[in-house]
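This report concerns only the one structure given below.
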Amino acid sequence: MRNVSKEARDPLARRSGRSLPDYRRLTREDLAATPDGEEVWTGVDGRRPRTGDTISTEEILAHRSADRP
């Protein structure tokens, strides 16, 4: 692996039990399969009508901030 110290590279190889190219490929595939923030919120908004959730963003933030000084 380029630009990665031996101290970082070797533990990664040991822990993964794979070659470093395989480890990097699998890590990138996992990252690509993970939804980004917009996709997560789109899913949440899509579930809202089915669950009957009516709390607004402002209410969520007010509750979150209530316990803060």
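Brief remarks follow.
- The Cα atoms of the chain define a convex hull whose projected area, averaged across directions, is 8.9 nm².
- Residues whose amide H falls under 5 Å from that of ARG18, counting only those 5 or more places apart or on a different chain, are absent, with hydrogens built in the peptide plane.
- Helix-derived mean residue ellipticity, 222 nm - over the chain, DSSP H n ≥ 4, -39500 (n - 2.57), to 500: -22500 deg cm²/dmol
- Cα long-axis angle, helix 20-33 against the chain (0 to 90 degrees, to the nearest 10): 10
Read-outs throughout are calculated quantities, based only on the coordinates presented, and are distinct from any laboratory measurement. For clarity, every value in this text was computed on a predicted model and none was experimentally measured.
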